[in-house]
Amino acid sequence: MGTIKSLNKWANAHTYYPLDVIRVALGVFLFVKGIHFLSNSQMLLDLFTPIQNMAGGMIILHYLAPAHFIGGILIAFGLLTRWAIIAQLPILIGAILINFVGDMHTSNLVMASITFIVCLFFLFYGSGKHSADYYFKMQK
């Protein structure tokens, strides 16, 4: 708990608007991807053809779209940012690894890798000073 408090203090002391814009853009991107997966379920099923015979495949399909949808909203507003990003990490790791199991799509690999790196940054950085987390913390 002390580590998270020290990270939050450091992040609040070093908060810049471009980082908030990147956090909001990440949230909007994940939200749009969630909507895309919800509206285009056949494309999502086609992505999972290399691992369709593995146990838990249907659970993954039902976890992916709502996690992006809800996590994107939370990240964009800066509410429970670290928890929302922790929920995104298994999906992003799977998005990176699926390119090596099935057909290689370099654009998807690059997009998933960049999103993963940005998520890792905000996992340590937190939501920043211009977020719902900071607002609610100051209301105490």
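The values are calculated or read from the model by the stated rules, or taken from the named source; none is laboratory data. Bear in mind that the values here come from a model prediction, so they are computed numbers and not experimental data. Virtual Cβ from ideal backbone geometry, glycine too; neighbours counted across all protein chains shown.
Within this structure, TYR125 fails the test of being within 20 Å of ALA25 (Cα to Cα) and modelled with pLDDT under 80. Take the conditions touching a Gly at 6+ places or on another chain (Cβ under 9 Å) and either farther than 25 Å from ASP20 by Cα or of a type in the set (Phe, Trp, Tyr) (or both) and apply them to PHE100. Does it pass? When the stated conditions are applied, PHE100 does not pass them. Residues considered: ALA76, ALA11. Of these, the only one that is under 21 Å from SER131 (Cα atoms), modelled with pLDDT under 90, among the aliphatic types (A, V, I, L, M) and buried (at least 18 other Cβ atoms within 10 Å of the Cβ) is ALA11.
Does ASP20 fit the bill of being at pLDDT 70 or above, among the charged types (D, E, K, R), in a helix (DSSP H, G or I) and loosely packed, with under 14 Cβ neighbours inside 10 Å?
Values: at pLDDT 70 or above: yes; among the charged types (D, E, K, R): yes; in a helix (DSSP H, G or I): yes; loosely packed, with under 14 Cβ neighbours inside 10 Å: no.
No.
Listed here are the helices (runs of 4 or more DSSP H) enclosed by the stretch 77-140 that have at least 3 residues being within 15 Å of the chain's Cα centre (by Cα): 81-101, 106-125. Within the stretch 82-100, identify whether any single residue is exposed (fewer than 15 other Cβ atoms within 10 Å of the Cβ), in contact (Cβ under 8 Å) with a residue 40 or more places away in the chain and under 16 Å from LEU45 (Cα atoms), and answer yes or no. No, the stretch 82-100 contains no residue that is exposed (fewer than 15 other Cβ atoms within 10 Å of the Cβ), in contact (Cβ under 8 Å) with a residue 40 or more places away in the chain and under 16 Å from LEU45 (Cα atoms).
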